[in-house]
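Values quoted throughout were computed directly from the atomic coordinates according to the rules given, and no laboratory measurement underlies them. The structure presented is a predicted model; accordingly, all values stated were derived computationally and were not measured. Cβ coordinates were reconstructed from backbone atoms using ideal geometry, including for glycine residues, and neighbour counts include every protein chain displayed.
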Amino acid sequence: MEAFSDGVFAIAITLLVLEIQVPEGAEHDPLRALADLWPSYLAYLVSFATIGTVWFAHTVITEHIDHATSDFVRLNLLLLIVVSFIPFPTKLLGDFAGTDRSERVATTVYGVNLLLTSLILSLLWRYAVRERLVRPDTADQDVQMMTKRLTPGLTGYLIALRIGLVLPEVAVLIYLVIAVFILVPLRAILRRVT
C-alpha cells in the first residue's frame, strides 16, 4: 500500500510541471513570456508544497501503522483520488489568474480540493487510531501530536476558501503558508536558535 501510494504521489507531483507551458508568441519576447507565467509558477509552488506535505504526513502515518484493514486501504485510495486531482485545479489557477470571476472559481475549486485532501488525510489517521491500527509501541503523546498536527490545515483551508471568494490571490498565499507551516519544523528550529 505504501509503495503504491508513493507512486501516486510521485506521479501527481510530476504532472504539475507539465501544466506549465510556454505561451504562443514567446519567440518574440521570451523574457516577457516567461515573466507572464508567474501565476503558473505560483500555482506549481503551492501545489508542489501541498503534495509534499500530504506525502510527508502520509509517510508518518504509515510508519505508525501496525497493520491495515480493507477500510483503511479504501480511505487511502480516496486520499489518492483527491491528491491525483490536484494538477487539474493547479492548471486552472495558472490559466485564470487575473481574470476576476474565473480566478475566484479556480481558487475555489483549488481550495475545495485541498480541503478534501486535508480532511481525508485526517480521517485516515483518526480511523487508524480508532480501529487500533497504530503500532502498540507508539506513545500516546505521539498519537496526540499527530492528531493535533493534522488539524490546522482544515481550519486554514476553510478560512482561505472564504477569503478566496473575495481575494483569490491572498487565498493562494494562505495555501502556501499552510504547506510551509506543516513542512518546516519551526518549533524545532526556534529551540535550536534559542
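Can you name every residue in the range 88-119 that is β-branched (Val, Ile, Thr) and either closer than 18 Å to Val17 by Cα or surrounded by fewer than 21 Cβ atoms within 10 Å (Cβ to Cβ) (or both)? Residues satisfying the conditions are Thr90, Thr99, Val105, Thr108, Val109, Val112. Cβ separations smaller than 7 Å between residues 6+ apart or across chains give the following pairs from the range 19-34 residues that are within 19 Å of Ser47 (Cβ to Cβ) to residues that are surrounded by 11 or more Cβ atoms within 10 Å (Cβ to Cβ) and basic (Lys, Arg): Glu19/Lys91. If you take the residues of the range 123-133 that are of a type outside the set (Lys, Arg) and surrounded by fewer than 20 Cβ atoms within 10 Å (Cβ to Cβ), which of them is farthest from Phe56 (Cα to Cα)? My answer is Glu131.
Could we say that Ser84 is among the polar types (S, T, N, Q) and within 20 Å of Ile174 (Cβ to Cβ) here? For Ser84, the condition - among the polar types (S, T, N, Q) and within 20 Å of Ile174 (Cβ to Cβ) - is not met.
Selection of helices (runs of 4 or more DSSP H) fully inside the range 80-175 by the criterion of at least 3 residues being within 18 Å of Ile65 (Cβ to Cβ), of a type outside the set (D, E, K, R) and in contact with a helix residue (DSSP H, G or I) (Cβ under 8 Å, 6 or more places away or on another chain) returns 101-130, 140-164.
Within the range 137-179, the residues that satisfy the criterion of being of a type in the set (Val, Ile, Thr), more than 19 Å from the chain's Cα centre (by Cα) and surrounded by 14 or more Cβ atoms within 10 Å (Cβ to Cβ) are Thr138, Val143.
Output the helices (runs of 4 or more DSSP H) that fall wholly within the range 1-79 and possess 3 or more residues being more than 20 Å from the chain's Cα centre (by Cα) and surrounded by fewer than 19 Cβ atoms within 10 Å (Cβ to Cβ), or say none.
In the range 1-79, the matching helices (runs of 4 or more DSSP H) lie at 30-35.
Taking the numbered list (1) in contact with a Pro (Cβ under 8 Å, 6 or more places away or on another chain); (2) more than 20 Å from Val172 (Cα to Cα); (3) touching a residue at least 24 places away in the same chain (Cβ under 8 Å) in turn, His67 passes all entries but (1).
Just one of the listed residues (Leu165, Leu133) is in contact with a strand residue (DSSP E or B) (Cβ under 7 Å, 6 or more places away or on another chain) and in contact (Cβ under 8 Å) with a residue 40 or more places away in the chain, namely Leu133.
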